[in-house]
Amino acid sequence: AGSRTGPPSPGVEHPVNTAIHLFGTTFQNPVLLAAGTCGFGQELADVIDLEALGGLVTKSVTVEPRTGNPAPRVAEFSGGMMNSIGLANPGLEGTRRDKLPWLRDHLRRARVWVSVAGHSPEEFFQLVEGLDGEDGFLGFELNLSCPNDTRRDAPPFALDPPSVRSILSGARARTDRPLLAKLAPNDPDPAATARTAEEAGADGLTLANTLPGLLLDEEGRPRLGAGAGGVSGPALLPGGVRMVEQVRHAVGLPLVGLGGISGVADALAYARAGATLVGVGTASFADPRAGEKLAVGLHRWGRRKGVTAWSDLVGPSAGPVQKEA
Ligand code: SIN
């Protein structure tokens, strides 16, 4: 990322400062790979340059290792895809032993969030306590909104304000690391949930997870082994941007926007709505380098438009820039 700031001079190519100072650190650009789309980084290291990204969010970690839901676990449709992976992951011990050391040893510039998913508030606390003392990551993303947890016979925590409050405040008491709360896209009052998370100690919000859905074949059989699942991809873009816009006015927290982002225009829509960081998810399945290409694309876009700093485009400080658009 470039580092110069100030007004561009005609005829001179000015680098855009895509760096963002947040959560006590610097993201070299706003692009994160979303949870569940990049494993723990290592799985993609031969295919993409992870160090070209702002960062990544790991697959959600549960207390016990999980093999996941029955196949097929993903299905495509014209608006994107659906998944019901079922939180397959190596568990708390496996993550500590096999995954975090690799991240610690290989990533210097990209910032790492570890996603954690509990079946109860106490499991979230166990995960935060169990991982907090390790190196290799910046903070936690609390996955409060997995639609595919067949072990829990209840709506996701993100749709239950008392659960949001108790998980956030319990996690807050157990770590000084930054905490992102990942909310659900089908929340009827995302502003209220966001305020609850903020009051209980969240440092930022990730908006949002996949949208619950069901695909059936011509015989009426579910196309996913688990039955229902979570919708991701282009179909999520307008709802995601709207949610960011709604939440931005309700809280003072930085927002990570994701859902349907593949190119520069998508990322800018989220930024203009109020997201400081953006996540690339489903687009990486079609092109593993989608996140890396987006970071380069944002840089080029800024240079072409004479934007000197990404942060000028984002959130409440973007007022005058928004009017120009
Ligand atoms: C899954 O592993 O089934 C998806 C997790 C999520 O969407 O939170």
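The values are calculated or read from the model by the stated rules, or taken from the named source; none is laboratory data. The structure displayed is predicted, hence computed values, not measured ones. All Cβ positions, glycine included, derive from the backbone under ideal geometry; neighbour counts span all protein chains shown. Please note that ligands, DNA and RNA were not included when accessible areas were found on the heavy atoms of the full protein model with its side chains. Shrake-Rupley method; radii C 1.70, N 1.55, O 1.52, S 1.80 Å.
Give region 116-136 a look and list any residue that's buried (at least 24 other Cβ atoms within 10 Å of the Cβ) and within 25 Å of Thr25 (Cβ to Cβ), or say none.
Residues satisfying the conditions are Val116, Ala117, Phe124, Leu127.
Can you tell me which residue within region 209-238, out of those that are surrounded by 17 or more Cβ atoms within 10 Å (Cβ to Cβ) and assigned to a helix (DSSP H, G or I), is nearest to the ligand (Cβ to nearest atom)?
Leu236
Considering only residues that are in a helix (DSSP H, G or I) and within 23 Å of Ala286 (Cα to Cα), look in region 239-264 and name the one that is least open to solvent (accessible area, probe 1.4 Å).
Gly240
Taking the condition of being within 16 Å of the ligand (Cβ to nearest atom) and either at pLDDT below 95 or on the phi < 0 side of the Ramachandran plot (or both), how many residues in region 25-54 meet it?
Number of matching residues: 8.
Looking at region 265-280 only, could you name the residues that are open to solvent by 10 Å² or more (accessible area, probe 1.4 Å) and not in a helix (DSSP H, G or I)?
Selection gives Thr276 alone.
Starting from residues that are over 20 Å from the mean Cα position of the chain (by Cα) and away from the ligand (no atom under 12 Å from the Cβ), keep the ones in region 138-154 and report whichever is modelled with the highest pLDDT.
Ala154
Among the residues of region 312-325 satisfying the criterion of being more than 18 Å from Gly263 (Cα to Cα) and in contact with a helix residue (DSSP H, G or I) (Cβ under 8 Å, 6 or more places away or on another chain), which is modelled with the highest pLDDT?
Filtering region 312-325 for residues that are more than 18 Å from Gly263 (Cα to Cα) and in contact with a helix residue (DSSP H, G or I) (Cβ under 8 Å, 6 or more places away or on another chain), the one modelled with the highest pLDDT comes out as Asp312.
Out of Val57, Val74, report the one residue that is in contact (Cβ under 8 Å) with a residue 24 or more places away in the chain, within 11 Å of the ligand (Cβ to nearest atom) and open to solvent by 10 Å² or more (accessible area, probe 1.4 Å).
Val74
Filter region 88-115 down to residues that are under 30 Å from Pro234 (Cβ atoms), of a type in the set (A, V, I, L, M, F, W, C) and open to solvent by 10 Å² or more (accessible area, probe 1.4 Å) and give me whichever is nearest to the ligand (Cβ to nearest atom).
The selected residue is Ala88.
Counting only residues that are away from the ligand (no atom under 12 Å from the Cβ) and outside any helix (DSSP H, G or I), how many does region 155-183 have?
Of the residues in that region, 9 qualify.
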